[in-house]
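Beneath this line is the structure, given in structure tokens, with notes to follow.
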Amino acid sequence: MATKSKKKPSPKKKSAKTAKPARAAGTDPKRVAAILAKLDEAYPSATCELKHENPFQLLVSTILSAQCTDVRVNQVAETLYKKYPDPKAFAYATPSELEQDIRPTGFFRNKTKSVMGASKAIIDKFGGQVPRTMEEILTLPGVARKTGNVVLGTAYGIASGVVVDTHVLRLSRRLDLSRNEDPKKVEQDLMKIIPQEKWIQFSHQLIWHGRRVCFARKPKCIECNMESLCYAKDKTV
């Protein structure tokens, strides 16, 4: 009597792991250099568009710029810094009054807490001066890497990283310089491919390009001097 062959047990399926984003194909050094050259050509004098007279004003304006346009922040700042000229004035302001003063920038209650908290920390821990290192500036209430990079880069000329705001995030993915969606990971990707001496200017240039040409909806590709280097799916030409 023939014996039945035993079926071999099927191998256990391995649990699927979350795939990491593939390295962006557009990070070839020659292509990156070409993009930087095109940005230099289009925006040779790009700089931070938040009006300020000192590092502290820039810090406050950057905090206020969250979910708000620079134009609106600049409008508020015209009278704000006359009323509150230094960290002490902000630190000991009447919260309800400061809330109304910055109300046009949105999220004014949280921003009031951040501005007052940062001002007090600057007085208590840093002798009234905005700190010059990322490690120290990140200890201030309401300050994350984007704000730290803005202040250190623009006010002090210290290239501690790359500013990743909504424009830099969008354009980095559209230009295939990063395939991550988290701003911290995008910053790390950019720091690997952009020369450190270009970090500050690159951020300003990409922000300017995002505001003037490479809009989230209907980008003006026909006006873009990087069109030949771009293969984004949502190109309009």
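The figures follow:
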| quantity | calculated |
| --- | --- |
| For ASP86, ASP28, order by how many other beta-carbon atoms lie within 10 Å, fewest first | ASP28, ASP86 |
| Dipole moment magnitude, nearest 20 debye, the chain about Cα centre, only Lys, Arg, Asp, Glu C-beta charged | 2240 |
| Descending principal axes extents, region 53-175, alpha-carbon based, whole Å | 45, 30, 23 |
| Most fluctuating residue given options LYS184, LYS120, LYS82, as computed from a GNM of the chain linking Cα atoms under 10 Å | LYS82 |
| For the chain, convex hull volume per residue from C-alpha positions, Å³ | 209 |
| Length-normalised contact order for the chain - Cα pairs under 8 Å, 6+ apart - percent | 21 |
| P(r) of region 145-221 over all Cα-Cα pairs, binned every 10 Å from zero, in whole percent | 21, 55, 23, 2 |
| Net length gained if the chain between LYS82 and GLU49 were fully extended (0.36 nm per residue, minus Cα distance) | 9.9 nm |
| Computed over region 129-237: relative contact order in percent, which uses C-alpha pairs under 8 Å that are six or more apart | 21 |
| Hits among aspartates and glutamates - C-alpha to C-alpha of LYS185 under 12 Å, sequence gap 8 or more where chains match | none |
| Sorted by Cβ neighbour density within 10 Å, fewest at the top, the residues SER203, SER228 | SER228, SER203 |
| Cross-link pairs LYS38/LYS218; LYS113/LYS146; LYS88/LYS192 - those with Cα-Cα distance over 29 Å | LYS88/LYS192 |
| Sequence of THR133, THR105 once ranked by neighbouring C-beta atoms within 10 Å, starting from the fewest | THR133, THR105 |
| Burial order of peptide ranges 65-71, 41-47 (average beta-carbon count within 10 Å, highest first) | 65-71, 41-47 |
| Euclidean distance between Cα centres, region 114-184 to region 80-110, Å | 20 |
| Reciprocal of mean inverse Cα separation for region 69-133 (Kirkwood radius, Å) | 12.2 |
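Values in this text are rule-based calculations from the coordinates and carry no lab data. Keep in mind the model is a prediction, meaning the values are calculated, not measured. Positions of Cβ are generated from backbone atoms using ideal geometry, with glycine treated the same way; all protein chains shown enter the neighbour counts.
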